């Protein structure tokens, strides 16, 4: 039986005034542990939405000491199919990556409606998502939606051969941030 992540986190959220009064039963398997790709970390990536990648790289380098950043721009020309809340969408973003296990990803919305532009407008800069690498994006989407977490943005075919994909799930009420699942090409 899959753990009820929504119920566990709801109990925690209700008890924030007395966080040590909460008793949470743990199991050897989490909702995502059996979906995670073999040999991958529980958290692959920390995604942070920023107004400007250039400015954020300077700030994060000064604060955290990252010296090497990988940069790219991602958009409809790079991803075979993009969606936002189930409808086809076109959006783009500037990205800066540093470190590994977990990797830090800075995301600057660069065009079109997306979760990134919404997050920035509604909440400002800050933590947007944690990402896990999964073996099957389709299986993960089915499992997450069955657990009550809607797929709110996705992209399929981001590798040159048309493989790979990502999906963001609405875990904000349960966790305070979005959860991303990534299927590597």
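Every number here is computed from the coordinates shown, using simple stated rules; none is lab data. If you're wondering where the values come from, they're calculated on a predicted model, not measured in any experiment. So basically every Cβ, Gly included, is an ideal-geometry build from the backbone, and we count neighbours across all protein chains shown.
What ranking, highest mean first, results for peptides 150-158, 30-38, 65-73 when packing means the other Cβ atoms within 10 Å averaged over each residue? It would help to have the intermediate numbers written out before the result.
On the way: 150-158: 19.2, 30-38: 15.0, 65-73: 11.2.
Result, highest mean Cβ count within 10 Å first: 150-158, 30-38, 65-73.
Regarding the stretch 34-183, what whole-number volume in Å³ per residue does the convex hull of its Cα atoms give? All intermediate terms of the calculation are to be shown ahead of the outcome.
Working: hull volume 17.3 nm³, N = 150.
Enclosed volume per residue, from the Cα hull, is 115 Å³.
Once you order the gyration tensor axes a ≥ b ≥ c over the Cα atoms, which shape class does the stretch 25-123 get: rounded for a/c under 1.5, otherwise prolate or oblate by comparing a/b with b/c?
Numbers: a/c = 1.86, a/b = 1.15, b/c = 1.61.
Judged from the Cα gyration tensor, the stretch 25-123 comes out oblate (a/c at least 1.5, b/c at or above a/b).
Using alpha-carbon positions, what is the distance between the centroids of the stretch 44-65 and the stretch 142-185, in Å?
With the stretch 44-65 and the stretch 142-185 each reduced to a Cα centre, they are spaced 22 Å.
Just for the stretch 34-183, what percent of DSSP beta bridges are antiparallel, to the closest 5?
On the way: 34 of 44 bridges.
The answer is about 75 percent antiparallel.
When the Kirkwood radius is taken over all Cα pairs of the stretch 97-185, what Stokes-Einstein diffusion coefficient follows at 10 °C and 1.306 mPa s, in µm²/s?
Details: Rh = 13.9 Å.
In µm²/s, the coefficient is 114.
How big is the convex hull of the Cα atoms of the stretch 101-151, per residue, in Å³?
Working: hull volume 6.1 nm³, N = 51.
So the per-residue hull volume is 120 Å³.
For residue 78 and residue 146, what is the calculated FRET efficiency with R₀ set at 30 Å and r taken between the beta-carbons, to the nearest 0.05? Present the calculation step by step, with values, prior to reporting the outcome.
Numbers: r = 30 Å, r/R0 = 1.00.
It comes to 0.50.
Can you compute the modelled spin-label distance between residue 70 and residue 30, with each label point 7 Å from Cα toward Cβ, in nm?
Taking the two extended label points, one gets 2.3 nm.
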